Amino acid sequence: MERNGKWVNVDYTNRIMEESTALEENPSLQEGLSHIGHCSDKLSILAAEHAEREALHFEEPIFDYIRLVGAVKAALQKRNEVHYAYGTAVADLELKETALSKLLKHARGGSSEEKVQFAESEVRTAQQTMEDAKLEDDIVTERVMREVERFKRDKLADFKHIILDYIQMQIEYSKKVEDEWQQVIPKLALIHVENGGSPLASMSPISEGATNGNFQEQETAPTSLGPVIQEDYIPLNGDLADSLSDLTLLVDADVGQDPYPRQYDEQRSPYGQGSNPDVSL
C-alpha cells in the first residue's frame with residue numbers, strides 16, 4: 001500500500017494498532033498508571049511541604065540577617081552623627097576660647113571686664129557641651145564597635161549552619177522522592193504483557209535491575225517480529241550486493257523463486273520493476 005509516497009506494510013501496521021489497543025485495555029497497565037498517579041499526588045504534597053520548610057529554615061534566617069544588617073547600618077549612621085556633634089562642639093569651644101583670648105589682650109575698663117566674663121561663661125558652656133558630646137561619642141562608638149565585632153564573629157557560624165541545614169534538607173527531600181518512586185517500580189513490574197510469558201518476562205533490563213535493587217545494564221536477545229526490514233537500514237560493512245545476499249529473513253529461500261509475489265502495480269511503484277515494496281534501502 002502506498003501512503004505519502006512510501007510503501008507501507010498494511011498487515012504490520014494493523015498489528016501495531018491491535019497491540020496498542022490491547023495495551024490500553026490491559027488492567028495491569030491501568031493499575032500501573034494508577035500507581036504513578038498516586039505517586040505524583042504524594043510528590044506534589046512533598047513538594048509543598050518542602051517549600052514551606054525552605055521558607056522556614058532558609059528564607060526566614062536570611063531575611064533576619066538582612067534586617068540585622070540594616071540595624072547595623074543604622075547604628076553606624078547614629079555613631080557618625082554623634083561623632084559629628086562632638087567635632088562641632090570641639091570647634092565651637094576652640095572658637096570661643098580664641099575670642100576670649102582676644103578680649104583678654106585688649107581688655108580695658110569696666111565694659112571690657114563684662115565682655116570677658118561673658119566670654120568666659122560661654123567658654124565654660126562650650127567646654128561642658130564638648131565633654132558631654134565626647135562622652136556620648138565614646139559610649140556610642142564602644143557599643144557600635146562591640147556589636148559590629150559580634151556580628152562579624154557570629155555571621156560566619158550562623159551562615160555555616162544555615163547552608164548546612166539547607167543542604168541536609170535538600171538531601172532528605174531527594175531521598176523521600178526516591179523512596180516514592182522506588183515503591184512504584186515493583187508495581188509497574190507486575191504489568192502483564194500478553195506475549196506468552198510471565199509479567200517478569202516482559203520487563204526491560206533496566207526495570208528488572210531496578211526491581212532487584214540495582215540498575216546494572218543487562219544484555220537481552222532481540223525479539224524477532226517477523227520478516228520486516230526497516231526503511232532506514234544502511235549496511236555498515238561491505239557493499240550493497242553482499243548485504244542483500246546475507247539477509248536470512250526470507251522464509252522460502254528456493255533458488256529462482258520470488259519470496260514476495262508481486263501483487264501490486266509495478267507501473268506505480270517508485271522503485272521500478274522487480275523491486276520489493278516491503279524492502280526499501
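Being more than 30 Å from Ser121 (Cβ to Cβ), over 30 Å from the mean Cα position of the chain (by Cα) and not polar (S, T, N, Q) is true for just one of Lys78, Lys96, Lys105. Which residue is that?
Working: Lys96 fails: more than 30 Å from Ser121 (Cβ to Cβ); Lys105 fails: more than 30 Å from Ser121 (Cβ to Cβ).
So the residue among Lys78, Lys96, Lys105 that is more than 30 Å from Ser121 (Cβ to Cβ), over 30 Å from the mean Cα position of the chain (by Cα) and not polar (S, T, N, Q) is Lys78.
Each row is one residue, and each column tells you yes or no for (1) closer than 30 Å to Glu147 by Cβ; (2) hydroxyl-bearing (Ser, Thr, Tyr); (3) at pLDDT 85 or above; (4) not in a helix (DSSP H, G or I).
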site: Tyr12; (1), (2), (3), (4): no, yes, no, no
site: Arg15; (1), (2), (3), (4): no, no, no, no
site: Asp41; (1), (2), (3), (4): no, no, yes, no
site: Gly70; (1), (2), (3), (4): yes, no, yes, no
site: Lys73; (1), (2), (3), (4): yes, no, yes, no
site: Lys96; (1), (2), (3), (4): no, no, yes, no
site: Ser111; (1), (2), (3), (4): no, yes, no, no
Return the pair list, or none, for Cβ contacts closer than 7 Å from residues in segment 52-71 that are farther than 19 Å from Lys160 by Cβ to residues that are acidic (Asp, Glu) and assigned to a helix (DSSP H, G or I), at least 6 apart or on different chains. none
Among the residues in segment 141-148, are any touching a helix residue (DSSP H, G or I) at 6+ places or on another chain (Cβ under 9 Å), in contact (Cβ under 8 Å) with a residue 60 or more places away in the chain, assigned to a helix (DSSP H, G or I) and hydroxyl-bearing (Ser, Thr, Tyr)? yes
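Is it the case, given these coordinates, that Ala85 is under 58 Å from the mean Cα position of the chain (by Cα), surrounded by 12 or more Cβ atoms within 10 Å (Cβ to Cβ) and assigned to a helix (DSSP H, G or I)?
Values: under 58 Å from the mean Cα position of the chain (by Cα): yes; surrounded by 12 or more Cβ atoms within 10 Å (Cβ to Cβ): yes; assigned to a helix (DSSP H, G or I): yes.
Yes.
From the list Tyr86, Tyr173, pick out the single residue that is hydroxyl-bearing (Ser, Thr, Tyr), farther than 30 Å from Ile36 by Cα and at pLDDT 90 or above. Step through it out loud before you land on a result.
Numbers: Tyr173 fails: farther than 30 Å from Ile36 by Cα.
Only one candidate passes the filter, namely Tyr86.
The values are calculated or read from the model by the stated rules, or taken from the named source; none is laboratory data. A quick note: this is a predicted structure, and the numbers were derived from the prediction, not measured. All Cβ positions, even for glycine, are placed from backbone atoms using ideal geometry, and neighbour counts span all protein chains on display.
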